[in-house]
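> A single structure is presented below for examination.
The values are calculated or read from the model by the stated rules, or taken from the named source; none is laboratory data. Bear in mind the structure is a predicted one, so any value in this text is a computation, not a measurement. Here the Cβ positions follow ideal geometry from the backbone for every residue, glycine too, while neighbour counts run over all protein chains shown. Keep in mind that these areas ignore ligands, DNA and RNA; they rest on the heavy atoms of the full protein, side chains included. Shrake-Rupley method; radii C 1.70, N 1.55, O 1.52, S 1.80 Å.
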Amino acid sequence: MSFGSAYHGSVSKLFAPPDADQATPSTVDGVLALLRERGGRVTSARRLLLEAIFEAKGHRTAEELAEEVQARAPDVHLSTIYRNLDDLQELGIVVHAHLGHGPSTYHLAATAHGHLVCDGCGAVIQAPDDLFTSLSRSTRARFGFTIDPHHFAMLGRCRRCQ
């Protein structure tokens, strides 16, 4: 991780998601304050990435986020973007999802939702969590397995492509 070698313990302890009773920060400055509180460094690359994520309309790949950051700071490398996205995910700020066959996409965890992706036209439909409640319950009961509906996409055909 990119938060310094002074920490010899588990990084995941440092970057445990906020407590259940603690709200996820809803601004760039709020996230940066949480990073500082957890011992992380605030860098210009990290600030620019957070600004790109908070300004994003919908899902962005790491490459798309890197393009937005590099438009303002050309020296920021793609590997820096990936490292920071990993850190932000461990902190519970962003989540990534696999929308079909393309690269992973990222968005704010506070707006997490399921995804329906059309095999025909590629349309992505944001599905509310309650759509997966029954599936989650059945999977847990039958297999003892808890699904994460935010991480994957249900593939099928949209109304137009049926």
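> So I have (1) 1.01; (2) 0.95; (3) 2.13, and one of them is Rg/Rh (Cα atoms, Kirkwood Rh) calculated from this model. Which one is it?
From the options (1) 1.01; (2) 0.95; (3) 2.13, the structure gives (1).
> Roughly how big is the chain's charge dipole about its Cα centre, with Cβ charges of +1 (Lys, Arg) and -1 (Asp, Glu), in debye to the nearest 20?
Working: 16 positive and 18 negative charges, 76 e Å.
In debye, rounded to 20, the chain gives about 360.
> Also: Spin-label point model (7 Å from Cα, Cβ direction): what's the C158 to S79 distance in nm?
Label at C158, label at S79, 3.8 nm between them.
> What fraction of the DSSP beta bridges in the chain is antiparallel, stated in percent and rounded to the nearest 5?
70
> Run the quick spin-label model on S136 and S104: label points 7 Å from Cα toward the beta carbon, then report their separation in nm to one decimal.
A separation of 2.1 nm, rounded to one decimal place.
> Report ³J(HN,Hα) in whole Hz for each residue of the stretch 131-143, in order, from the Karplus equation J = 6.51 cos²θ - 1.76 cosθ + 1.60 where θ = phi - 60°; Gly and Pro get x.
Computed from phi, the couplings for the stretch 131-143 are 5, 9, 4, 5, 4, 4, 4, 5, 5, 5, 5, 7, 10 Hz.
> Among 142-151, 101-110, 42-51, what's the highest-first ranking by average C-beta atoms within 10 angstrom per residue? Write down the numbers at each step before the final one.
Working: 142-151: 11.9, 101-110: 16.4, 42-51: 18.9.
Per-residue Cβ counts within 10 Å, averaged per peptide and sorted highest first, yield 42-51, 101-110, 142-151.
> How high is the relative contact order of the stretch 62-162, given as a whole-number percent (alpha carbon pairs under 8 Å, six or more residues apart)?
Working: 128 pairs, mean separation 24.9, N = 101.
That works out to 25 percent.
> On the protein heavy atoms, probe 1.4 angstrom, tell me the percent of accessible surface of the chain carried by carbon and sulfur.
Taking all protein chains in place, the chain shows 52 percent carbon and sulfur surface.
> Name the long-range amide H neighbours of T61: under 5 Å, sequence gap of 5 or more, or other chain; modelled H, no Pro or chain starts.
Result for T61 returns Y106.
> Given the rule -39500 (n - 2.57) for each run of at least 4 DSSP H residues, summed and divided by the residues of the chain, what is its mean residue ellipticity at 222 nm, to the nearest 500 deg cm²/dmol?
Helix-only estimate at 222 nm: -11000 deg cm²/dmol.
> Right, something else. Treat each spin label as a single point 7 Å out from the Cα along the C-beta direction, and report the E64 to E37 distance in nm.
Between E64 and E37, the label points sit 3.0 nm apart.
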